[in-house]
Amino acid sequence: MKFSLIQSVVLFTFLLFSQMAVAQEKVIKGVVTDATSGELIPYATIALYDTGTTTIIQGTTTNMEGKFAMKMEIAEQGYIVVSFIGYEDQKFADLDFSKSVIDLGTIKLSQGAEVIDELQVTAERSTMEFKLDKRVFNVGKDIASSGQGALEVLNSVPSVNVDIEGTLTLRGNSGVQILIDGKPSVMGDDASSALGTITADMIEKIEVITNPSAKYEAGGTSGILNIVLKKDEKKGFNGSVSLNTGIPNNHSIGFSLNKRTEKLNLFTQIGAGYRSMPRYSEAINQSKLDNSLVESNGESLKNEQFYNVTLGSDFFLNDFNTITLSGNFAYEIESEPGETYFSIYDGAGELASQYTRFANTTANNPKYQFDLQYKKQFKNNEDHELLFSTVGSFFGKDQSSEFSNEYTYGIGNDYKQIMNTNFYRADYTFKLDYTNPLTKAITLETGAVYSINNVGNDYSVLDEVGTEWVTNDNYTNNFLYDQKVLGLYATGSYEKKKWGVKLGLRAENTDLTTQLTTTNENNYQNYTNLFPSAHTSYKFSDKFSMQAGYSKRIFRPQLWDLNPFFSIQNNYNIRAGNPDLLPEFGDSYEITSIFNFKKTSLNVGLYHLYTTDVIERVSYYENNVNVTTPINVGTRNKTGVEVNGKYTPTKWFSVNGDFNYGFFSRSGTFENQSFDFDSDQWSTKFTLQFKLPADIDVEIKPNYQSEFKTVQGSVSGFAFLDAGVRKKIWKGKAVVNMSVRDIFASRIRENIVDQADYYVYSFDKRGTFLTLGFSYSFGKGEAMTYSGGKRFR
């Protein structure tokens, strides 16, 4: 007898939600091995079936040493099925239930090609599954994401959009909290650059948590994106190697190695490469008071060399205690040359002056992180566990920029500027989590977290005056940022076959200090807040179920929101932070309907998000210089509908789709200016997947994001298209893939600020990216698509 994949999934789901038997009368035990190699098989499934009804009475899985001992309730008849995906099942029908201990001895499972092939086909593509308080996007080997980083993977996730600046939004809302393996990361504050250090092949799944339970940290008014990285569980020696090249420059080599025994799991990842990120931009600054005008356009090219090593180990002390220690070191060398052309016109429209601003930026960025985790499982239930973890990370940037203006027409003096940045960030997080399934239906969770964020940014600008360099006090200062957050939480859930409910409460204290050392300006904030959460679900049938949820969230201003000095690369358009910025708070409500049919799955959700002290980027205009800074402006009410689903009409074709529409109302005033207005925003994306003969797969991904209003203007809409093709060779041990991102170079960003006395326009475009890759696996590893992104977390 062979299990189909569907039967295996059903059995596995049953086991996850079944309470382990506690009866002492009878025990069935044994050890499961590979029939060919003799290797022990952990996580094999042992199921006890009722002979009369052929339903599962109870079940268990083997431990890391392939052993199992299943305590049974009193049974007069039944049979045992031992199974593991990729192997033939074994059935034991003649059991002597008169014995208190039934020893099945050594059970040798033979590999089954049919089941393996079925699994490989299923694992190719990404899928979405719904949990009580989150949606889980299981990352497959989507071709269009091959050769790309985590940002591009996120852009494929329903509900998530990433613009050309790398800004993340969830259902069109900012204020998204980024977690890596459930823990805060140095990457959370600067996703546009730092998330690029994680590549598509490193990601196992992405949890989309629009209404997080109290177990999660309260950061992120619109929700949480938790990126869960892969950890190879295969025994023996496994690994893979990949080579990639691309246009523009995207060249890399990567290795992934893993050695696993009964007591120890060693893993390492090594990568190095070089890549370039071109960028074209335009800007218009116009005064409506005197009609003076500044136009600029230019190109820059960010070049990066990167080297990184990850090394870690799991120590299996016994069946119930595991220690994990991992570390990562990465080093980046950056250079960014650029030229921007400026034309200045007077009120009569006559050209007054024209010049070129040359820029050259170099930087060295060391990064390292360590992760220590202790996990204790209790004998009565595999889900009864205590988890302690501590994470420490450091990111440094020693950056220097040289700017020079060379006039080609009109009045103006050539001059030079130098910008120096000495930046560091050190983060430490300590977590303690306890989970106890009190009964088959009731589970208690409680825990605490303490996080420390310490940042320094010594920033200086020097102007050339004659033959000397003179410090520009308007842009020079040392900014210090120190934040500590203490959180305590408790949740309780009751979950039966059809109905479930989960309630929670979290308390967090935030202690924040920022300081401008040169001017001795200090800002202190200390506040404590409660964050309740509630979730419920009801399964009407196998084809239809519903979920509902509520949570209260906070979005704390990040480093670059608070730092008053940011960039002078374009000295007519300057971005700066606001050290007096306050956090914004959000109340989120949603209800989702889930439909599952033979070839179609469909999810329809309604949501409402109410946000106070909304953080908006506001422009100030003086002498043709536009300064953009964040401020707190009033409230926002947003109500929306979201539809996503998958349709598989044939074995060789499937389509995934996501549509999100939201209507929002803004209310607020700042410095006697009203920001009251109503608007809407929508986006849609599709993934069309074709499975062709000769193990060739093709993938096409159209995307569209609509225009939407801002407090001072609008942001344009745009459409873009990604595509890819993949060919598996050598029975799947090697993969050749090619992907094209933004085929028509239409993924742009246009931002307009249109006020009574001035008008500001900006345009940015990255262009088309082509990647060609080859990967090969050895041992029991799978061919990966490590890709030109940098590996650091």
* Asked: Given the structure, is Gly312 assigned to a strand (DSSP E or B) and either open to solvent by 70 Å² or more (accessible area, probe 1.4 Å) or at pLDDT 85 or above (or both)?
  -> no
* Scan region 339-360 for residues that are without any contact (Cβ under 8 Å) to a residue 60 or more places away in the chain and under 43 Å from the mean Cα position of the chain (by Cα) and jot them down. => Glu339, Tyr341, Ser343, Tyr355, Thr356, Phe358, Asn360
* May I ask you to say which residue of Tyr374, Tyr341 is open to solvent by 20 Å² or more (accessible area, probe 1.4 Å), assigned to a strand (DSSP E or B) and either modelled with pLDDT under 90 or within 30 Å of Leu387 (Cβ to Cβ) (or both)? => Tyr374
* Among the residues of region 713-727 satisfying the criterion of being free of Cβ contacts under 8 Å to residues at least 40 places away in the same chain and either closer than 23 Å to Phe769 by Cα or in contact with a Cys (Cβ under 9 Å, 6 or more places away or on another chain) (or both), which is most open to solvent (accessible area, probe 1.4 Å)? -> Lys727
* Do you know which of the residues in region 423-458 that are within 26 Å of the chain's Cα centre (by Cα), among the hydroxyl-bearing types (Ser, Thr, Tyr) and open to solvent by less than 40 Å² (accessible area, probe 1.4 Å) is farthest from Arg556 (Cα to Cα)? -> Thr435
* Asked: Is region 581-597 home to any residue that is within 30 Å of Ile284 (Cα to Cα) and not hydroxyl-bearing (Ser, Thr, Tyr)?
  -> yes
* Looking for whichever is touching a strand residue (DSSP E or B) at 6+ places or on another chain (Cβ under 6 Å), modelled with pLDDT of 90 or more and within 30 Å of Thr356 (Cα to Cα) here; the options are Thr476, Thr446, Thr421, Thr408. Which one fits? => Thr408
* Structure fact -> Residues in region 697-722 that are under 24 Å from Phe744 (Cα atoms) and assigned to a strand (DSSP E or B) total 17
* Quick check: is even one residue across region 595-607 modelled with pLDDT of 90 or more and either surrounded by fewer than 20 Cβ atoms within 10 Å (Cβ to Cβ) or not in a strand (DSSP E or B) (or both)? -> yes
* Restricted to region 729-744, and to residues that are within 24 Å of the chain's Cα centre (by Cα) and open to solvent by less than 10 Å² (accessible area, probe 1.4 Å), which residue is farthest from Ser775 (Cα to Cα)? -> Asp742
* To do: Would you please name the residue that is nearest to the chain's Cα centre (by Cα), looking only at residues in region 534-553 that are within 19 Å of Gln177 (Cβ to Cβ) and open to solvent by less than 50 Å² (accessible area, probe 1.4 Å)?
  => Arg553
* Structure fact -> Residue pairs within 8 Å by beta carbon, gap of at least six or interchain, first lying in region 378-406 and over 30 Å from Gly298 (Cβ atoms) and surrounded by fewer than 18 Cβ atoms within 10 Å (Cβ to Cβ), second small (Gly, Ala, Ser) and modelled with pLDDT of 90 or more, listed first then second, are Gly392/Ala426; Phe394/Ala426
* **Search result, residues across region 756-786 that are open to solvent by 20 Å² or more (accessible area, probe 1.4 Å), modelled with pLDDT of 90 or more and not charged (D, E, K, R)** => Tyr759, Tyr761, Ser762, Phe763, Thr768, Leu770, Leu772
* Would you mind listing the strands (runs of 3 or more DSSP E) fully within region 609-656 where at least 1 residues are closer than 29 Å to Ala548 by Cα and under 27 Å from the mean Cα position of the chain (by Cα)? => 615-622, 635-650
* Any idea which of Ile85, Ile57 is at pLDDT below 80 and closer than 23 Å to Phe378 by Cα? -> Ile57
* Asked: Which of the residues spanning region 671-712 are open to solvent by less than 50 Å² (accessible area, probe 1.4 Å), in contact with a Gly (Cβ under 6 Å, 6 or more places away or on another chain) and within 30 Å of Met738 (Cα to Cα)?
  -> Glu699, Gln705, Ser706
* Asked: Residues in region 223-244: is at least one surrounded by fewer than 22 Cβ atoms within 10 Å (Cβ to Cβ), among the polar types (S, T, N, Q), at pLDDT below 75 and in contact with a Lys or Arg (Cβ under 6 Å, 6 or more places away or on another chain)?
  -> yes
* Give region 635-654 a look and list any residue that's open to solvent by 30 Å² or more (accessible area, probe 1.4 Å), free of Cβ contacts under 8 Å to residues at least 60 places away in the same chain and of a type outside the set (Ser, Thr, Tyr), or say none. => Asn637, Val641, Val643, Pro649, Lys651, Trp652, Phe653
* To do: Name the single residue, out of those in region 259-277 being in a strand (DSSP E or B) and over 24 Å from the mean Cα position of the chain (by Cα), that is surrounded by the fewest Cβ atoms within 10 Å (Cβ to Cβ).
  => Leu264
* Test set (1) open to solvent by 20 Å² or more (accessible area, probe 1.4 Å); (2) in contact with a helix residue (DSSP H, G or I) (Cβ under 7 Å, 6 or more places away or on another chain) - Asn420 fails condition number -> (2)
* **Residues located in region 473-488, provided they are open to solvent by 10 Å² or more (accessible area, probe 1.4 Å) and among the hydroxyl-bearing types (Ser, Thr, Tyr)** => Tyr475, Thr476
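The values are calculated or read from the model by the stated rules, or taken from the named source; none is laboratory data. Since this is a predicted model, take the numbers as computed values, not measurements. Cβ atoms come from the backbone with ideal geometry, glycine included; neighbour counts cover every protein chain shown. Only protein heavy atoms, including side chains, enter the accessible area calculation; ligands, DNA and RNA are left aside. Shrake-Rupley method; radii C 1.70, N 1.55, O 1.52, S 1.80 Å.
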